[in-house]
Amino acid sequence: MNRFKKMGLFTATTLILAACGAEGTESEDRRDSAANEEVENTQTVQGGTKATEKEAIIEFSDEDIDALTAEEGEGEDRLDTILERGVIKFGYSGGFAPYNFKDPETGEFTGFETDIAHLIAEDLGVEAEFVTMSFQSLVPATDLNVDHPESIDVALNNHGRTPERAAEHDFTLPYLNSVFGVWVNAESDIETVEDLNGLIAAQSATGSTGDAAKEAGALDFFPVTTATDGRKMVEQGRADFHVMDYNAILWTLQNNPNDKLRVLDETLERPDPVGMAISAGNPKLLNALNKSIEEHTKNGNYSEIYEKYLGEDISVAPEMFDSFKEQANISWD
């Protein structure tokens, strides 16, 4: 497998995929970790999501291309290390259903990010290993020495590719589409996103969910550290609404119904696509990850995985990969 480098930049209008997850620097990760907290689980969701529709054409700005390509580092590419040891280490929280969590019956990790990780490992001819840690520790853990017990090769936990993260780490192309949903009190007269204007949101005022709440017109914030606390504040009437990853919302509705809360039909988009994060300066590894994402998106494997857990396909538009390679003037091979 050849290394790939940036060979040119194609100036284009940015069309960002709506995506989910926490965002920002490490301090923002800490404030936003509520978006990736443990969600109780018992069974596979059957019902469908409100993920954004696939876009037929995806255009990337120079900044996008810079964030999605990697220059060669000074040392050995991480992919060489992975192939040598025969194991690729993925990091995630292990408790964010339906993304990654332990099956209550088998005790084994499952979820669609787990299934995706196994496909990547199979493509590389190695075994997948999962290292669990707090959400805010995941992206920094990709920079740890490979011999460190908490070192990981890939952070795979619903991470948004924010400018802050992309400035220090390399990101793959998106592997799913997602949006934010809005919890409100079941007895509330709130019916649309427009109705949120001037109301109180139960979450941090910063980070991806806080930004989404501001966009919706939140007047003030009731600070919370977890999604569970956010829902509780809305249930108790101490706040008017709580913004949360929609796929996790659907899972919660299916597995832990609460007649004191309901979810708006409308959803909120966000500008930070969900990708896998790796330590900067490993173009061979980034190349291999993108190649795997493209292959399994185009052959329908990702669609099957998402439908298995969510009852709906939330994979990205297959055309995205060809558009990116053309605009960035690169090849995976």
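The values are calculated or read from the model by the stated rules, or taken from the named source; none is laboratory data. It should be emphasised that the depicted structure is a prediction, and the values quoted were computed from it without experimental measurement. Neighbour counts are summed over all protein chains in view; Cβ atoms, including those assigned to glycine, are modelled from backbone coordinates with ideal geometry.
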Pick from the stretch 169-204, criterion crowded, with 24+ Cβ neighbours inside 10 Å and β-branched (Val, Ile, Thr), ranking: nearest to residue 277 (Cα to Cα): 172
Restricting attention to the stretch 194-206, does a residue exist that is in contact with a strand residue (DSSP E or B) (Cβ under 8 Å, 6 or more places away or on another chain) and over 18 Å from residue 262 (Cα atoms)? yes
Any idea which of (1) assigned to a helix (DSSP H, G or I); (2) within 21 Å of the chain's Cα centre (by Cα) is the one residue 175 doesn't satisfy? (1)
Kindly state which strands (runs of 3 or more DSSP E) lie completely within the stretch 57-166 and contain at least 1 residues that are closer than 20 Å to residue 291 by Cβ, more than 20 Å from the chain's Cα centre (by Cα) and modelled with pLDDT of 95 or more. 87-92, 127-132
Of the residues that sit in the stretch 254-297 and are of a type outside the set (S, T, N, Q), touching a Gly at 6+ places or on another chain (Cβ under 8 Å) and over 28 Å from residue 137 (Cβ atoms), which one is surrounded by the most Cβ atoms within 10 Å (Cβ to Cβ)? 264
When the stretch 307-323 is checked residue by residue, the ones that are closer than 16 Å to residue 174 by Cβ, of a type outside the set (A, V, I, L, M, F, W, C) and surrounded by fewer than 23 Cβ atoms within 10 Å (Cβ to Cβ) are 313, 318, 319, 322, 323
Of the residues that make up the stretch 305-312, is at least one not in a helix (DSSP H, G or I) and not acidic (Asp, Glu)? yes
